[in-house]
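What follows draws every value from the coordinates through simple rules; no lab data is involved. It should be emphasised that the depicted structure is a prediction, and the values quoted were computed from it without experimental measurement. With ideal geometry, Cβ positions are generated from the backbone for all residues, glycine too; neighbour counts draw on all protein chains shown.
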């Protein structure tokens, strides 16, 4: 049948060639339209719940990926650098696909200025200070603010970053390239500007791969050319296999574009791999063709003969290799799936071209006089025959040798590191790599850490819990800069009221949020319906292992948080029970202080802090001097423009203030009603309305001032136990005082269980339950999950490939033993591959995990060709020793050529930019060589020892010949 | 008295000049626009603000505004969470903010005037009385049957979010019908449309103003529900003390 098919092809050879040329032109044109894709989230399996959530977050918070532009300079606060930052910020804002730009120029800043409040861009009016003095003022302000240092500008003032949020749905590589282009335009010498963050990393890697291909593809073609030339020394032997692989690659690349698929980080490797693999069929074909040709006159007869002999091994080897690649569909990475399927498709094309174009082209060969029949024997390689002899004699020794290898390999496997450092994908010493390291060192890294909060975000209870969580995150190793809307509100509260904490009332929160209405910062942190919010930090690593540790620690913490909190007004609690709550409060304040200190790497014994806090929380009276301070502040207010009743005389104001403070001191507090009655008796004729307004304002003023005085006193106590000089850190003081402020609050937030324990039989009466759901989201848990799934999924895909191959080979050989024996060389090879990884410390990542499956598909080819030839020789020679020698001398040589071509093809990847690709290339090449070695040693030894079914058949038909 | 006289004179001039409108220079037209806008001695109005985002989600706010010369106060009536929040604008770019939850009045930085007011697509300044002639250099681009089309370039010394405006001014009453705001890269960034322009008493007023921020695809409608002119607002209303009431 195959002979008549080949005959058909040869008869219509012109048509076949024309069709192939047309197809090449068509697909070749498609190749020119190929598109790159570097959007990391699209690399992941899309129906995974974590990925779905990640994508959803990107949509609702307007942008999921964060890219950072790093600007280095001797002094960020020079007019030149600031102008550059300003220019870049402005142009980036107008790039389509960029949803938010944040830099020192435009970041929202809240400033407390005497009686005033400033809400605006950090660089007011966007105007760069023009005098050295003004520049220094700006520098001093920024550098004293922790919100900016290490966040937008490095601590040494020599680097600044512009943070860009990319819109969901935009092609990231397009946006990154656009950003790069406009950056180059603004700063043509741009050595000091580099890009960081996952989108840039992916963009750099993908661009690198497509650039690499431009160099690697010609190199591999040259290598294959040389090997073919050395092996065959005939133009046909060189050109025909090359034509096949080139066509197969062009067809596949063209089809990728035609299907609307894109070239990504991994599919980008396909051309090199396909060229290396696709040459195998051609090599085996030509090898056998030249053997047969020697004894036949007409090329067409030789072609038909070769085809009829080789078609089955071709189909089997192609199918098994396709199985190896297709088994990658089990991967959690959609790009690996695509790579597997696309390469499998490419292999199919290689086979199709081998079956059609190759006979069509070969048929143009001239007739020749056939040599003597023995020429075929001569064609066998004597050296390899001797090797076959040697193996035949020492087959038991060979098997023992195999056992030893298994032993050593098994020892190495547990040593495999499961660690993927994505930044390794960048070439060491490259600009991108340096930028990544700098971002890590000076800006807390570029990987976002995110916690999604579901609940009533406008509720002070929710916000207070959010702040607590954000501060916890900052104590997790490698995590820093965690913030949420609760921190922004605290900051505004500080600017407005002097306390760095979330206000106790809903109105307070709403009033502060009003200041941010319409600001884009808000959209990045809270959904417009106020039901969901994001806490975001930075992670200073791209390596899986520390990432896993951080992600798991955060998940544990979030898991332990109660889903429901109870909030109530402490004033409504009977004094007997109040004390128990106050003890909890003191404990909570201690924890907050401890966290604030820990996030800055300051370690102080909890018990010492607790003592200070307890003293403050349970203190009944303010210190002497505090009351006259309070009186002065009230009097000052009464004579100000803001006072609800105009009081002209300073002495009158002092007198009224004195009476109010006296009452306050006596009853340890004062209500607005009490103030109103004092006001009315002190200023006769005051209307009820005026008195109510004034007492309302004074009530707030008094509680605020008294609170500040108490916090001040407690802070003095804290200062004594802190390292001297620490109080010069203004932000630290602000934070610590903000933590201490909690002791003044009437609102108490507590776990439901803890509340019930204290309240006893009273139940939850008079309290409010607040439900808050928090989940970690973002890239880190996604990567974490993917990497956790890597090892199992890689084992599954490898096993799947092995099983399919065993079944296939058993069927073809009609022998289960034969099938099992055939996969032993490749199984050994995989063991050795893992052992090499274990011993040399090469981590199991998305690239290296593909090797096993690919190796099954590739390495099995050698076994197939070997077994097929051996069976044929056994049938004709009826002697296992001679059959082995002949097989080694012929197909053995082809296998070596094949392994050299494919192996060296993969070796080309050692020249690639990224370390991960180099490792992948090196390991796969090694796998090919080892696999060939085992096929030529262990496989014959096994066949001879175990004698599969076809042995008997060969012996049986011996008499018939 | 002086101001009333000035207004009468302006009105007479407006009527007499409109006959020969084609011969007006750009600068003269701009002067007329300013005098129409600033014609009332004081005003008191109530309005609804409707904020519409990209997805079509709507938020509503209700405000009252009183204005007398350069003094202006805006107070929020609703939603409940914003009730009582108030801004006071005094001459010399002094702006005060009152947050009722804290019962405190704070002065806020003056550069707020060039930024969006309370999540709307109007700047704080847009809501006040503008004096175009002080801030822009006009060029008359076109005169159509209904409108003068002017191009306004921001004066060098002015700090503005937008560097160029194109306005359509009604020829019959010098009331602006439409404005387009361009940034320094000459990109159209915002449009404002004055609708339902009618005469109340002696003054022209738009019943509805709609702004559209093209970059964020965000819209704001101001719907006037009540307006009173020349009621003789007292200066005491424009104080920190009154801001809290």
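Averaging the sequence gap over all C-alpha pairs within less than 8 Å and six or more residues apart, then dividing by the number of residues, gives chain B a relative contact order of 21 percent.
How many percent of the alpha carbon pairs in the stretch A:1-154 exceed a separation of 21 Å? Percentage above 21 Å: 67.
The convex hull around the C-alpha trace of the stretch A:572-628, projected and averaged over every direction, spans 5.5 square nanometres. The calculated pair-distance distribution of the stretch A:502-627 uses every alpha carbon pair, bins of 5 angstrom beginning at 0, and gives 2, 7, 9, 13, 15, 18, 16, 11, 6, 2, 1, 0 percent.
Let's test the formula: R0 of 25 Å, r as the Cβ-Cβ distance of residue A:130 and residue B:161. What FRET efficiency results, to the nearest 0.05? After rounding, the FRET efficiency stands at 0.75. Helix A:460-473 and the longest principal axis of the Cα set of chain A meet at an angle near 50°.
Shape analysis of the stretch B:2-243 yields a ratio of the Cα radius of gyration to the Kirkwood radius, Rg/Rh, of 0.96. For chain A, the longest principal axis of the C-alpha atoms and the axis of helix A:49-60 are separated by about 50°. By definition, a body whose alpha carbon gyration tensor gives a ≥ b ≥ c is oblate when a/c is 1.5 or more and a/b is not larger than b/c, and the stretch B:106-241 fits this oblate description. Shape summary of the stretch A:289-355, radius of gyration then Dmax from alpha carbon positions: 16.5, 55 Å. Over the Cα atoms of the stretch A:780-888, the radius of gyration divided by the Kirkwood radius equals 1.13; this is the Rg/Rh ratio.
The residue A:428 and residue A:788 beta-carbon pair, evaluated with R₀ = 22 Å, returns a calculated FRET efficiency of approximately 0.20.
Contact order for chain A, expressed relative to its length and based on alpha carbon pairs under 8 Å spaced 6+ residues apart, stands at 18 percent. The convex hull of the Cα atoms of the stretch A:202-314, projected and averaged over all directions, covers 8.2 nm². Where only DSSP H runs of four or more residues are counted, chain A gives -21500 deg cm²/dmol as its mean residue ellipticity at 222 nm, each run worth -39500 (n - 2.57). Take the Cα of residue B:41, step 7 Å along the line toward its Cβ, and report every residue of the stretch B:207-239 whose backbone nitrogen sits under 12 Å from that point. It comes to B:229-234, nothing else. Which shape class applies to the stretch A:192-265: rounded if a/c is under 1.5, otherwise prolate when a/b exceeds b/c and oblate if not, where a ≥ b ≥ c are the square roots of the Cα gyration tensor eigenvalues? Note, shape of the stretch A:192-265 comes out oblate.
Both radii were evaluated on the Cα set of the stretch A:261-329; the Rg over Rh quotient, with Rh as the Kirkwood radius, amounts to 1.15. If you wrap the tightest convex hull around every Cα atom of the stretch A:565-768 and split its volume per residue, you get 149 Å³.
With R₀ fixed at 25 Å, the C-beta to C-beta distance from residue A:22 to residue A:910 puts the FRET efficiency at about 0.10. Shape summary of chain A, radius of gyration then Dmax from alpha carbon positions: 38.1, 136 Å.
The gain in end-to-end length when the residue A:233 to residue A:329 segment is fully stretched comes to 30.5 nm, 0.36 nm per residue minus the alpha carbon separation. Ordered by the number of other Cβ atoms lying within 10 Å of each residue's own Cβ, fewest first, B:121, A:264, B:134, A:487 fall into the sequence B:134, A:487, B:121, A:264. Note on residue B:149 and residue B:188: the model spin-label points, each 7 Å out from Cα along the C-beta direction, lie 1.1 nm apart. Over the stretch A:869-961, the ratio between the Cα radius of gyration and 2.2 N^0.38 Å evaluates to 1.45. Where the centre of each part is set by its Cα atoms, how far does the stretch B:106-182 sit from the stretch A:71-95, in angstrom? Distance between centres, Cα-based: 30 Å.
The simple spin-label model puts a point 7 Å past each Cα toward its Cβ; for residue A:75 and residue B:178 those points are separated by 5.1 nm. From least to most packed, judged by other beta carbons within 10 angstrom and beginning with the fewest, B:90, A:473 follow the order B:90, A:473.
With a simple spin-label model that places each label point 7 Å from the Cα along the Cα-to-Cβ direction, the separation between residue A:393 and residue A:662 comes to 12.2 nm.
Here the stretch A:428-459 is scanned for amide nitrogen atoms under 12 Å from the site 7 Å beyond the Cα of residue A:156 along Cα-to-Cβ, giving A:438, A:441-442. May I ask you to list the residues of the stretch B:212-245 whose amide nitrogen lies under 12 Å from a point 7 Å from Cα along the Cα→beta-carbon direction of residue B:200? Taking a point 7 Å out along Cα→Cβ of residue B:200, the residues of the stretch B:212-245 whose backbone N falls under 12 Å are B:223-231.
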